[in-house]
1. Answer rounded, prolate or oblate for the chain, using the Cα gyration tensor with square roots of eigenvalues a ≥ b ≥ c: rounded when a/c is under 1.5, else prolate when a/b is larger than b/c, else oblate.
2. What FRET efficiency comes out for the pair Asp28/Gln157, r = Cβ-Cβ distance, R0 = 45 Å, nearest 0.05?
3. Measuring from a point 7 Å past the Cα of Ser45 along Cα-to-C-beta, which residues in the stretch 244-263 have an amide N at less than 15 Å?
4. Name the GluC sites (Glu not before Pro) in the stretch 145-242 that are in a loop by DSSP and that have at most 11 other C-beta atoms within 10 Å, would you?
5. Mind running the shape call on the stretch 23-162? Use the C-alpha gyration tensor, a ≥ b ≥ c as the square roots of the eigenvalues: rounded below 1.5 for a/c, prolate if a/b tops b/c, oblate otherwise.
6. Mind giving me the nanometre distance, one decimal, between the label points for His90 and Asn119, set 7 Å out from Cα along Cα→Cβ?
7. Karplus couplings for the stretch 159-175 from phi (6.51 cos²θ - 1.76 cosθ + 1.60, θ = phi - 60°), rounded to Hz, Gly and Pro as x?
8. Under 5 Å between amide H atoms, partner at least 5 residues away or on a different chain: which partners does Leu177 have, H built in plane at 1.01 Å?
Amino acid sequence: MKALIKKAVPFVFVLSSVAVAAGVITKDAVNAKVAALASAYNDDSTNIQVVFTDLNVDSVRALDFGVKGSVNKKGTENTLNLNVEGVQYHYGNGANPTVTGKLTAQLDLLKAFGQTFLNNAGTEFEELAKNAAATFGQSYGDALSVDAKLVDLTKDQAGNVVSAKVSVLAVVDFSKLPATIKVEDVEFKSLQVELAINRAGAAGAFRVVMNPANKSFNQDQTGMKEVIEKILSEDAEMYQHINGFMKWLNDVATELVNQKAQQ
């Protein structure tokens, strides 16, 4: 699961204080590095911001971090305002490392995709969630329990979907793991996700309790601490990864705001 944190780093984070190599690195230093990378994609129609809100690192790993970020883009057909809010990671005593977060996306979905898309998404939300969970859990057998359900579906007088909300809870019972699955290969203990859509956009929240026995937590693996150090030292390979992520983010946003639903 540390790998997922590594991928999330380019989009978030502010450092309160970190001991790296010769001295103490302040959050201002980290923010300056990340802001410089994001500035390559910012112009009159685009604004990408990445802010580290907290980071507590010891000599081995990141113990806590906080993240927020945003992508604002104007296009020929639409405007996107994406906000990643309150993402928090806490290692605690190491028994249940936990990541939580929320996101909102303001985008006129009718302009971008049309009412048929919303109708299909609303009625198929629950089935899609269950199918995705079932596919993921094929290797886990009875060790993985999944509760995916449609918790809200609102339609107008014409029967068109106005809003829909789905929730997914997945829990791994380590005592039931098949012999083919090692404990160190399981990334999480539990996963909770809520996703809601309406005509004006989408919102989501998640909570993941990670498996500290997963091999990604081993000291020989690249984690948050190492990622931060590479950002600060302007490591070429790390910068290439971050630039690739930001380019992908910008490309997706560009497509969304310039897309017009077929009538």
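Just so you know, all these numbers are worked out from the coordinates, no wet-lab data involved. All of these numbers come straight from a predicted model, not from anything done at the bench. Positions of Cβ are generated from backbone atoms using ideal geometry, with glycine treated the same way; all protein chains shown enter the neighbour counts.
1. oblate
2. 0.25
3. Residues 250-260 fall inside that zone.
4. Counting only loop positions with at most 11 other Cβ atoms within 10 Å, the GluC sites (Glu not before Pro) in the stretch 145-242 are Glu234.
5. In terms of gyration-tensor shape, oblate.
6. 4.6 nm
7. Taking θ as phi minus 60°, the curve returns x, 7, 5, 9, 7, 8, 9, 10, 10, 9, 10, 10, 10, 9, 9, 5, 6 Hz for the stretch 159-175.
8. none
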